[in-house]
Every structure is written in structure tokens, then in C-alpha cells.
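What follows is one structure encoded as C-alpha cells, with my remarks underneath.
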Amino acid sequence: MSAVEVSHLSFSYDGQNDVIKDVSFEIPKGSYTTIVGHNGSGKSTIAKLLIGLLKAKSGEIKILGNTLNEENVYSLRNHVGIVFQNPDNQFIGSTVADDIAFGLENHCVPQEQMQAIIEDVAARVNMSDFLDSEPTKLSGGQKQRVAIAGILAIAPDIIIFDESTSMLDPQGKASINEQIQKLHDERNITILSITHDMEEVAQSEYVIVLKDGKVEMQGTPKQIFEHKGKLKEMKLELPFALSFSEKLKNEGIFKDSYCTLDEVVNELCQ
Ligand code: ADP
């Protein structure tokens, strides 16, 4: 069964001009998919459609096999968590622990189980020392980690990251990308990440490229990175590992080119 199945989805904000145009894609359960595209290509609109914040003009969205409609939108939201670009708008509690507890209360988790869950999810995102801190006073990367902890506590099947790392410095980005990879590898959560970060795209399993509200290309990172001209047109840069390993391949030093730094290291250590 697919985690998400989108068929012939169209949407317009003003009832006239479609900003999502006949979009179809499928996200297998447990996979790690990224959506990339220029500003205004419709990425965030798709995220909002997937969690039922916006209503499609036509087409169908299936979450875990169930067609999203007005009746089941709230129950399906128990299965889909979303981490926004600016998590400040997502914080409700005055401390990190309260904030995570609030989500658990909403999901009717018994009081006696809460403390253990809060401690577990805080540890998973390396925020155990910050449980008494005020979320809004944390750094950008720490805020993102708290937002992820809040979502993890509810244990959804699918997590959508909507440009969650775009406001972070390179170190913050790398740390969140590592968290995302861990969620995928260790907990088998389906990840859908909307991103500008081509290093993150390289670490995902499947990529959907949007252009002007349409799917321009989809495939594995390696397949997508072969379309260098198209990516350049869309101002999407190749990841560093790929440019670097292609140079070494051209020099005859590497036998292949690689998308991620891990793959480059593997090649070097052979
Ligand atoms: P992206 O996330 O790829 O930057 P968006 O989904 O935010 O793109 O936007 C897609 C299109 O919809 C753009 O043309 C944008 O101007 C338009 N748009 C986004 N939000 C609104 C809104 N609330 N009202 C009207 N138009 C909007």
C-alpha cells in the first residue's frame, strides 16, 4: 500500500488560475521522498493539500489507502505530521516539555505515559537538556528539533517537512538532515521533504521536481541529476559530492560518480 497517492490533483486559490495542474505521484510506505522546485512552483500548496488545510479543485489524494475528504481529514491528520519552515507558529507550550505534552494530550495519551514519551523523543533529537527551556528562545536548529520531537511523540506514519531547514546555517541544516535520515532508517517513517537543499535531495530515495505547478520530472536522485541543463534552468545546483566525484571520474581516478559524501567516502576507502 502507498503512504500517499496523488492523482490528477489541481488547485487554484482564486477559483480561476490553477497553481497545481494535474499533478500525480505516489509515495511508497517507508520511503524518503523530496520535492524540489523554484519559488512559487507549488510545493507548499501541495503540502497543505496533503494535510487537508486546502481543498483540491479536482483529483484525488489517498493517505494510507483512504481518500482524503471532509469527513476523515481530522482522523487522517493523526497519521500525518508536518514540520513547517518557521516552527515558532507551531509552539504552544511555555517549555519544551509542555509543548510536547500538549500534542500528546490532544491525542488522548494517558498522563502516566507522557513523561516517558517526552524523555524518549527529546533524547532522539538530542534535546534532553532543554526540556525546561522556552521553545521560542532556542536557536533555529534547536526549534526545528523540538518541532520534530513534538511530531515524533504522536508517532505518525508520515512526516512532511515543509522547507524545515531553509532558515538554518549549514551546521543546523546538516543536523536536521541527519535527524530526518534517522527517522527514515530507524523508525521506517515515510518522509516527504520539501526542500531547496540539494544535499538533502541526494540523500533521499525519490525526487519529485515541480515546475509551474506541474511535475517536471520524477525519479531517483541519480536519474534527476542527469538532467543538468534542466536543473540549471530551474536554478537547482548539483550536490557537492556529485560535482566533486564527476571531476575525479573525468580524471580517471574514480570509476563512477556519486550523489552523497558517504558514497564518495566509501569509494575512497575501497
Ligand atoms: P512554493 O512552495 O513552491 O514556493 P507555493 O505553493 O507557496 O509555492 O505557491 C504556488 C503559487 O500559489 C504561487 O504562484 C503563489 O504566488 C501562489 N500562492 C501561494 N499562496 C497563496 C495564497 N494564500 N493566495 C493566493 N496565491 C497563493
Checklist entry - If you go through the range 258-266 one residue at a time, do you hit one that is under 19 Å from the mean Cα position of the chain (by Cα), modelled with pLDDT of 90 or more and hydrophobic (A, V, I, L, M, F, W, C)? => result no
Checklist outcome for this item: Scanning the range 166-178 for residues that are surrounded by fewer than 20 Cβ atoms within 10 Å (Cβ to Cβ) and either among the polar types (S, T, N, Q) or within 20 Å of ASP262 (Cα to Cα) (or both) gives SER166, PRO170, GLN171, GLY172, ALA174, SER175, GLU178
Checklist entry - Of everything in the range 1-11 that's surrounded by fewer than 17 Cβ atoms within 10 Å (Cβ to Cβ) and more than 21 Å from HIS79 (Cβ to Cβ), which residue is nearest to the ligand (Cβ to nearest atom)? => result SER10
Checklist entry - Are any of the residues in the range 111-118 of a type outside the set (Val, Ile, Thr) and under 23 Å from ILE194 (Cβ atoms)? => result no
Item to check | Matching residues, the range 153-172, being assigned to a helix (DSSP H, G or I) and touching a strand residue (DSSP E or B) at 6+ places or on another chain (Cβ under 8 Å) | outcome: ILE154
Item to check | In the range 32-64, residue farthest from the ligand (Cβ to nearest atom) [restricted to those that are part of a strand (DSSP E or B) and under 15 Å from the mean Cα position of the chain (by Cα)] | outcome: TYR32
Item to check | Leading residue by the ranking (surrounded by the fewest Cβ atoms within 10 Å (Cβ to Cβ)) among those in the range 75-115 that are in a helix (DSSP H, G or I) and touching a residue at least 60 places away in the same chain (Cβ under 8 Å) | outcome: GLN90
Checklist outcome for this item: Matching residues in the range 12-31 (farther than 20 Å from PRO221 by Cα and more than 9 Å from the ligand (Cβ to nearest atom)) number 5
Item to check | Selection count where residues are modelled with pLDDT under 90 and under 19 Å from ALA149 (Cβ atoms), scope the range 183-196 | outcome: 6
Next on the checklist: Under 7 Å between Cβ atoms, which residue pairs at least 6 apart in sequence (or on different chains) link something in the range 21-49 that is touching a residue at least 24 places away in the same chain (Cβ under 8 Å) and among the aliphatic types (A, V, I, L, M) with a partner that is away from the ligand (no atom under 16 Å from the Cβ) and part of a strand (DSSP E or B)?
Outcome noted: ILE27/SER2; ILE27/ALA3; ILE27/VAL4; ILE27/THR190
Checklist entry - Scanning for something touching a Phe, Trp or Tyr at 6+ places or on another chain (Cβ under 6 Å), at pLDDT 90 or above and surrounded by fewer than 17 Cβ atoms within 10 Å (Cβ to Cβ), does the range 197-214 turn up at least one residue? => result yes
Checklist entry - Could you say which residue among ALA174, ALA153 is touching a residue at least 40 places away in the same chain (Cβ under 8 Å) and on the phi < 0 side of the Ramachandran plot? => result ALA153
Checklist entry - How about the range 128-152: which of its residues are within 12 Å of ASP99 (Cα to Cα) and not in a helix (DSSP H, G or I)? => result LEU131, ASP132, SER133, GLU134
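The values are calculated or read from the model by the stated rules, or taken from the named source; none is laboratory data. Note that the structure is predicted; figures quoted are calculated from it, not measured. Reconstructed Cβ throughout: ideal geometry from the backbone, glycine too, with neighbour counts over all protein chains shown.
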